[in-house]
Amino acid sequence: MGDDVTWSLALSVGIDELDAQHRALLDLLNQLHSSVTDGLTRQRQLELLGELAEYTKIHFAVEESLMRIFGYPDYERHKTQHEGLIRNMVDLQQRLDQGREEVDAALMRHLRHWLIDHILQSDQDYSRFFLAAGALAKHAKPSWSTRIWDHLQFCSAKCWS
């Protein structure tokens, strides 16, 4: 797998809102990878990992809410996957903060692998269910999470340029 993860239709779940959130997660992952390869400070790497962790929690909450709304039958298994990644990220943040681990190529491979596998497998399953249950693939206006992400990206570009 290459350094950066590029969005492709293969990663699409067919629901614009969730695709936008997945693209945002990939973008954060790519920013974190760049922070490592560009030799940014450990503090900046920790900040980016924190942003990735927080946005991941928001994204998982959206997915889990939709699963409950649509009565997704595999909700508990999917939620357990989410909880496992969140626990791993919190533990990782603590180890990094305490200097017991580094953000390195192996860590980046693990995060990329987990995210891509999760989107290509588990998320594809719920998207078929949601669409069959009447979820809209497209909306006329960007969602709240897309607007927040766009705002954060604008602020980040101004602050870190």
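With respect to the conditions (1) farther than 17 Å from Trp7 by Cβ; (2) open to solvent by less than 50 Å² (accessible area, probe 1.4 Å); (3) in contact (Cβ under 8 Å) with a residue 40 or more places away in the chain, Leu107 lacks only one, and its number is (3).
Residue-by-condition table, conditions (1) farther than 20 Å from Ser8 by Cα; (2) surrounded by 14 or more Cβ atoms within 10 Å (Cβ to Cβ); (3) modelled with pLDDT of 90 or more:
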residue	(1), (2), (3)
Glu47	yes, yes, no
His59	no, yes, yes
Val62	yes, yes, yes
Ala137	no, yes, no
Arg147	yes, no, no
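Looking across the stretch 68-77, the residues that are modelled with pLDDT of 95 or more and crowded, with 16+ Cβ neighbours inside 10 Å come down to Tyr72, Tyr75. Considering the stretch 11-38, the residues that are modelled with pLDDT under 90 and open to solvent by 60 Å² or more (accessible area, probe 1.4 Å) include one that is nearest to Glu101 (Cα to Cα), namely Thr37.
The values are calculated or read from the model by the stated rules, or taken from the named source; none is laboratory data. Note that the structure is predicted; figures quoted are calculated from it, not measured. Methodologically, a virtual Cβ is constructed for each residue, glycine included, from the backbone with ideal geometry; neighbour enumeration extends over all protein chains shown. SASA here: full protein model, heavy atoms, side chains in, ligands and nucleic acids out. Shrake-Rupley method; radii C 1.70, N 1.55, O 1.52, S 1.80 Å.
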